[in-house]
1. Report the one residue of 249, 144, 121 whose Cα lies farthest in the direction of the positive end of the charge dipole of the stretch 121-263 (charges on C-beta: Lys and Arg +1, Asp and Glu -1; origin at the Cα centre).
2. Explain nothing, just the number: relative contact order of the stretch 271-414, from Cα pairs under 8 Å at least 6 residues apart, as a whole percent.
3. Kirkwood Rh over Cα pairs of the stretch 3-44 into Stokes-Einstein at 10 °C, 1.306 mPa s: D in µm²/s?
4. With 10 Å bins from zero, work out the P(r) of the stretch 1-116 over every alpha carbon pair and list the percent per bin.
5. May I ask for the distance between the Cα centers of the stretch 107-147 and the stretch 1-77, given as a whole number of Å?
6. Measuring from a point 7 Å past the Cα of residue 259 along Cα-to-C-beta, which residues in the stretch 276-304 have an amide N at less than 17 Å?
7. Report the equivalent ellipsoid semi-axes for the stretch 322-391 in whole Å, largest first, defined as the square roots of five times the eigenvalues of the gyration tensor built from alpha carbon atoms.
8. Relative contact order, percent, of the stretch 1-115 when contacts are C-alpha pairs under 8 Å separated by at least 6 residues?
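Quick note: the coordinates plus some simple rules give every number you see, no bench work behind them. A quick note: this is a predicted structure, and the numbers were derived from the prediction, not measured. Here Cβ is always computed from backbone atoms with ideal geometry, including for glycine, and neighbour counts include all displayed protein chains.
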Amino acid sequence: KQLTIPDNSMMNDWQFIFGVATSAFQIEGQSSTRQSTIWDTFCHTSGAIVDGSNGDVACDHLTHWRDDVSLIDSLGVGAYRFSVSWGRVLNHDGSVNTKGMQFYLDLLTELEKRNIKAFVTLYHWDLPQALENNGGWLNRETAFAFEQYVDVVSKAFKGKVYSYATLNEPWCSAYLGYEIGIHAPGISGKQYGKKAAHHLLLAHGLAMQVLQKNSPESQNGIVLNFSPCFAASTNQADIDAAKLADQHFNHWYIKPLIEGKYPDIIDALSPDHQPDIKVGDMDIIAANLDFLGVNYYSRSVYRSCEQDEFKLVAPATFSVTQMGWEIYPQGLSKLLIDLNKHYTLPPVYITENGAAMNDEPIQGKIIDLDRVAYFNTHLAAVDTAMKQGVDVRGYFAWSLMDNFEWAEGYEKRFGIVYVDYQTQQRTLKESAKQYRNMLLNR
Ligand code: GBH
C-alpha cells in the first residue's frame with residue numbers, strides 16, 4: 001500500500017504544509033559546547049535512561065547539519081520543525097554564545113536558500129541546569145529568564161522564521177518532569193506538577209508578548225500534546241474517570257491558553273497542589289495565538305480507581321507501536337473535531353505524528369511498511385477532521401531521523417530516515433521514500 005493523500009483532500013492544496021520535525025537535545029550532540037541541561041544531568045543519573053545512554057553525541061547533527069538539510073530538501077517537504085537549545089545560544093551569565101548562535105543562523109540561511117520554511121520551537125525540554133539549580137520550572141523566575149532568552153533569539157533571527165512555538169508539550173515538562181519524575185529533572189510529588197505547569201504557561205505568555213513585538217510577521221503559538229481519553233467500559237464510574245483525566249491532561253493546558261482560566265477541577269485540588277497564580281497571570285497566558293500545534297500519537301483509556309480517581313488501562317497488545325502505544329487513528333479525528341467544537345481555535349498544525357517501529361536494515365534496506373500504514377491512516381484521520389471544518393494548515397512527521405528518545409534512549413526509532421549510530425550514516429527508510437513520492441505526486 002502506497003502512502004497517499006486522501007481523495008478530494010484540501011491537503012492537495014499546495015498551501016497545505018508538509019514537513020518533518022526534530023528537537024535539539026535529541027539530535028545535536030556536541031554537548032560540551034553548550035551549557036549543561038537538565039537532560040544531561042538526568043542521563044547521567046543511573047537508571048534514568050533504559051539503555052544508559054545520553055545526548056552527548058546523539059545524531060551528531062552539529063557536524064552533519066548541512067547534509068541533513070540537503071536530506072530534508074531531497075524529501076520535497078516545505079517545512080522543517082526544529083528546536084533551539086537555550087543553553088547553546090546563551091551562556092550561564094546571560095551573554096550570547098556566538099558559535100552556538102551562529103549555528104542556528106547558518107541553519108536558517110541554508111533553509112531559506114532551499115525554500116524550506118523554518119518552524120522554530122524555542123523550548124523542547126532542555127532547560128539549562130543552572131536554572132534548575134534555582135528551582136527550574138518550580139521557580140516563577142524561570143518564566144522571566146525564558147522571556148529574556150526569547151527576546152535575544154527573536155532579535156537575532158529577525159526575518160528568517162516562518163513560525164515560532166514557545167514551548168513543546170508543557171504537560172510533559174510539568175507532569176513527567178516534576179510530578180512523576182520519569183523525565184528530567186526527575187522530581188516527583190503531586191504538589192509540584194501544577195505549579196510547574198503554571199510557570200511554563202506564564203513563560204509562554206510572556207514570550208508571546210516578546211514575539212509579537214520582535215517578530216509580528218511570523219506565526220507565533222504553542223505546541224501541545226493531546227491524548228483523547230476514553231472510558232474502559234460503559235460503567236458510569238469509568239466514564240467519569242476518563243472525563244476527569246481529560247481535564248487534567250488535555251484541558252488543563254488548552255483552556256487557559258484560549259479562555260484564560262483553568263478547568264473547574266482546580267477548585268477540587270487540595271491547597272498544596274494548587275498553582276501559585278498572581279494577579280494578571282491568566283491574561284498573559286491567554287495571549288492571542290496565531291496557531292496551535294497539536295502532537296498526536298495515541299489515545300488513552302481510563303478506568304476508575306479508588307486511591308487515584310483514575311487509572312490508565314494498558315491497550316490490548318495486538319495493535320501497538322514499539323512504545324506500547326495503541327495505534328488509534330480515529331482518535332486524531334475525534335480529538336480535532338472535539339477541540340474545534342469546544343474552543344475557538346486558531347489555525348492548527350499537526351506538529352508531530354509518528355510511530356516507533358522495530359526497523360533494522362535487511363541487506364541495507366529498511367522496509368518499514370507498518371510506519372507507512374501508520375502515516376496513511378493518520379493522514380486520512382486529519383483529512384476527516386478537515387472535511388468536518390477543522391482548519392488544519394500543515395502536518396509534520398515525527399521524526400526526520402532516528403534520535404535520542406528521552407528516557408527510552410536509542411532503542412526506539414521514530415525516524416523516517418535510519419541512523420547508524422556507529423558511523424552516523426543516514427539511510428532513507430521506505431517511509432521516507434514514500435513520503436517523498438507522495439509529495440512529488442501532489
Ligand atoms: C513527543 O512526546 C516529544 O515531543 C518528542 O520529543 C518525542 O520524541 C516523541 O513524542 C516520541 O515520544 O502512555 O499510552 O497513554 C510525546 C509524549 C506521548 C506523552 C504519548 C503521552 C501517552 C501515551 N506523549 N503519551 S500512553
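1. 144
2. Numbers: 182 pairs, mean separation 35.9, N = 144.
Relative contact order for the stretch 271-414 comes out at 25 percent.
3. In µm²/s, the coefficient rounds to 113.
4. Whole-percent P(r) values from 0 Å outward: 12, 35, 28, 17, 7, 0.
5. Going from one Cα centre to the other spans 15 Å.
6. Only 282-289 pass the distance filter.
7. Numbers: eigenvalues 178, 25, 19 Å².
Over the Cα atoms of the stretch 322-391, the ellipsoid semi-axes are 30, 11, 10 Å.
8. Working: 118 pairs, mean separation 36.2, N = 115.
For the stretch 1-115, the relative contact order is 31 percent.
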